[in-house]
């Protein structure tokens, strides 16, 4: 059933107002939109990162639902343990409620240091949803590059200098890696409209077994955008096909958003401070062309996987 | 009815796990503790337990899943050794601070390099400040009994602290010996059910575990763990006596073997203490007042009791199966500190033995006692059985 904005604006979010995330940060938006479509009680497991640090400054907590954080690289194992306890205690008649389990990790905690733990949890088949709030780098420690950082981005451990133009490598395709675990539900989306995250997470949570949702969210400081542009920049990510929006349901790939026209990648890169150096001189032309070629190739692959064509 | 079986330390520990039938076991194989999860997997596969057995992809994930499952309200057990224990290092203090009462079969093995699969205590000693209770077992019988007893200790409301139940890799874990096993009902009644106070799964009373705590509160929270450890010293004997009532076996914090009137005492832990005790008997037959103090509880360290057990000894040797390279070996440091606080100036010879599974022969103990009796005591650490 489709989610109506009206319904979830009237629901109490599991994450309260008054947390300490930055204005315009996409992570709390992903949490609000993601969790508000879930009907059952939910337990949240969080990897170390901005979301964890900024929502639980002791003796306060911004979480209205049970929440646990242990370390950085282990949200997959953490949610496995909670779910395993739930299954055990339910079998033994000590719990009678239906409870859902959602893990949140940034791209550092998911693409990089937490990949093994996530892979193990997906393979074992626990009933949980893992949400990667992907802002393309290590924001909690000050905008370092991760394996999710886009090619050409200026990050503090891949700075744009006189010789190097920022990060040289293409990000890894974590959503495809998750799909390669043959779990029942995998999706990738961004905050490009008000209901897509809620719908995808709801479906992920309601699907028995492991699910993975990769949500591209802006870090306003790293991306170098005005906080008011959160949704606009996400829409550009989807429209330029930098971040294709799709689902993989029981192995079947399906594009869930097809931009109506061809928008060049510059439209997504130009408004962002982290790519500013790419537009300063001629030397970056080749890199921009490479980024566009990456986007076109990835899009073509997803079209083929989805059995689709695109006429724009 | 209790049974007597020929079994190994690992299998005895696994048998205790079967009888405890915990809610969750998350474990990963590593020599020499692998037999524990293997045996337990067999129990699960044959319906002899209904535990949720989680076959994680690393030790780091094993202990993480144990911590979150225990925070969720489950009774949780696991096992590991050596590098596996080292990989878990990051999560041990979290388990301690979350006050998750995990019972952990730690089968002692040396930490590489050089890589080696045999026994020493370098793995558990590296975790001595992790906020876990450390109990060191002499044999398979004790490993079995301690696994059961540890559930009650870990879950005691004044304690709520995870427990390492240590046994010596290969020597105890793979050695077969007769072990008296309790009947299932006795174990079940002794351990009872876990009654968690703030389970994460109580969705009607949501709790936040693992908050970000800055300088204003961090110190106070750690202080509470110190208090819980002190409580272990207070409540342990009561639980051990209850266990004695059902099993006929009592395990004190410190095993005092002919120490009451001893002039010379060797302090040691785990399996090699049997060798020392044999030599003590030999020497006693010769009229030499020798004794052995086996330290079973290393964390919390029963310092006052240790100092009092060493009573009026004229000389003491402390045998560590671990180095503290550049410092004093762990057990020796504790004993010296305990004696200092008790105002005793007994000469202490610190010795290191058995690293990487090097055998410990009675002759080493004989020579050591002879030297203690002759007052041959050095401030230099002494290495027993080392070729140099």
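Could you give me the percent of Cα pairs per 10 Å distance bin for the protein assembly as shown, shortest bin first, beginning at zero and ending with the bin that holds the maximum distance?
3, 14, 22, 20, 16, 12, 8, 4, 1, 0, 0
Share of antiparallel DSSP beta bridges in the stretch B:3-247, in percent to the nearest 5? If you can, show how the numbers build up before the last one.
Values: 6 of 26 bridges.
If we restrict to bridges inside the stretch B:3-247, about 25 percent are antiparallel.
Considering only DSSP beta bridges whose two residues both sit in the stretch A:5-306, what percent are antiparallel, to the nearest 5?
Details: 12 of 37 bridges.
Within the stretch A:5-306, antiparallel bridges account for around 30 percent of the total.
Between 0 and 90 degrees, rounded to the nearest ten: what's the tilt of helix B:330-341 against the longest Cα principal axis of chain B?
In chain B, helix B:330-341 runs at an angle near 70 degrees to the longest axis.
Mean-square fluctuation check for chain B, GNM, Cα pairs under 10 Å: which of B:357, B:210, B:291 is largest?
Top of the fluctuation ranking is B:210.
If you count, for each residue, the other Cβ atoms within 10 Å and average over each peptide, how do B:374-382, B:299-307, A:207-215 line up from highest to lowest?
Details: B:374-382: 12.2, B:299-307: 19.3, A:207-215: 22.4.
Top to bottom by mean Cβ count within 10 Å: A:207-215, B:299-307, B:374-382.
Given springs between every Cα pair under 10 Å in a Gaussian network model of chain A, which of A:96, A:173, A:294 has the largest fluctuation?
A:96
For the stretch A:57-110 and the stretch A:1-43, what is the separation of their Cα centres, given in Å?
For the stretch A:57-110 versus the stretch A:1-43, the Cα centre distance is 17 Å.
Could you work out the mean count of beta carbons from other protein chains within 10 Å of each residue's beta carbon in B:73-86?
On the way: counts 7, 10, 3, 4, 0, 0, 0, 0, 0, 0, 0, 0, 0, 0.
Average neighbour count from other chains, rounded to a whole number: 2.
Starting with the fewest neighbours, write out B:251, B:218 ranked by other beta-carbon atoms found within 10 Å of each beta-carbon. Write out the running numbers ahead of the final one.
Details: B:251 22, B:218 12.
Taking fewest neighbouring Cβ atoms as first place, the list is B:218, B:251.
Is chain B rounded, prolate or oblate when judged by the Cα gyration tensor, a ≥ b ≥ c being the square roots of its eigenvalues, rounded requiring a/c under 1.5 and prolate requiring a/b larger than b/c? Mind dumping the intermediate values first?
Numbers: a/c = 1.71, a/b = 1.48, b/c = 1.15.
Cα axes put chain B in the prolate bin.
Using the Kirkwood radius over Cα pairs, work out the Stokes-Einstein diffusion coefficient for chain A at 37 °C and 0.692 mPa s, in µm²/s as a whole number. Before the final figure, lay out each step's value.
Numbers: Rh = 19.7 Å.
Using the Kirkwood radius from Cα pairs, D works out to 166 µm²/s.
Of B:88, B:38, B:125, how do they rank once you tally other Cβ atoms within 10 Å and put the fewest first? Kindly include the intermediate steps, with their values, before the conclusion.
Values: B:88 26, B:38 14, B:125 22.
Fewest-to-most Cβ neighbours within 10 Å comes out as B:38, B:125, B:88.
Ignoring everything except DSSP H segments at least 4 long, calculate the 222 nm mean residue ellipticity for chain A; use -39,500 (n - 2.57) per segment, divide by total residues, nearest 500. Please report the intermediate quantities before stating the final value.
Working: 11 runs with 105 residues, N = 312.
Computed mean residue ellipticity for chain A: -9500 deg cm²/dmol.
Output the relative contact order of chain A, whole-number percent, from Cα pairs under 8 angstrom with separation of 6+ residues. Let's see the in-between values first.
Values: 640 pairs, mean separation 51.6, N = 312.
About 17 percent, as a whole number.
I need B:75, B:321 ordered by Cβ neighbour count within 10 Å, fewest first. Before the final figure, lay out the partial values.
Values: B:75 27, B:321 30.
Sorted ascending by nearby Cβ count, the order is B:75, B:321.
Taking only C-alpha pairs under 8 Å that are 6+ residues apart, what is the relative contact order of the stretch B:254-384 in percent? It would help to have the intermediate numbers written out before the result.
Numbers: 235 pairs, mean separation 36.3, N = 131.
Contact order relative to length: 28 percent.
Only bridges with both residues in the protein assembly as shown count here: give the DSSP antiparallel percent, nearest 5.
On the way: 24 of 89 bridges.
Bridges in the protein assembly as shown that DSSP calls antiparallel: roughly 25 percent.
What's the average, rounded to a whole number, of partner chain beta-carbon atoms within 10 Å of each residue's beta-carbon in A:257-264?
Averaged over the peptide's residues, the number is 0.
Computed from the mean reciprocal separation of all distinct C-alpha pairs, what Kirkwood hydrodynamic radius does the stretch B:254-384 have, in Å? Display every interim value, and only then the final one.
Values: mean 1/r = 0.0699 Å⁻¹.
Hydrodynamic radius (Kirkwood, Cα pairs) of the stretch B:254-384 is 14.3 Å.
In 10 Å bins starting at 0, how do the alpha-carbon pair distances of the stretch B:1-152 split up by percent?
The percentages, shortest bin first, are 12, 44, 36, 8, 0.
Under 10 Å, Cα contacts only: if you run a Gaussian network model on chain B, which one of B:212, B:104, B:250 comes out with the highest mean-square fluctuation?
Checking each option, the largest mean-square fluctuation is seen for B:212.
For chain B, take the longest principal axis of its alpha carbons; what is the angle in degrees between that and the long axis of helix B:59-72, to the nearest 10 within 0 to 90?
Taking Cα atoms only, the helix is inclined about 60 degrees.
Classify the stretch A:3-119 as rounded, prolate or oblate from the Cα gyration tensor: take a ≥ b ≥ c as the square roots of its eigenvalues, call it rounded if a/c is under 1.5, otherwise prolate when a/b beats b/c and oblate if not.
Details: a/c = 1.71, a/b = 1.11, b/c = 1.54.
Cα axes put the stretch A:3-119 in the oblate bin.
Relative to the longest principal Cα axis of chain B, at what angle does helix B:9-20 sit, 0 to 90 degrees, rounded to 10?
That works out to roughly 40 degrees.
Quick one: compute the contact order of chain B, relative version, from alpha carbon pairs under 8 angstrom and 6+ residues apart, as a percent. Don't skip to the answer; put the middle values down first.
Values: 812 pairs, mean separation 62.1, N = 388.
Answer for chain B is 16 percent.
Taken together, the values in this text are just the output of simple stated rules run on the coordinates, not laboratory data. Predicted model, so just to flag it, every value in this text is computed and none were measured. Virtual Cβ from ideal backbone geometry, glycine too; neighbours counted across all protein chains shown.
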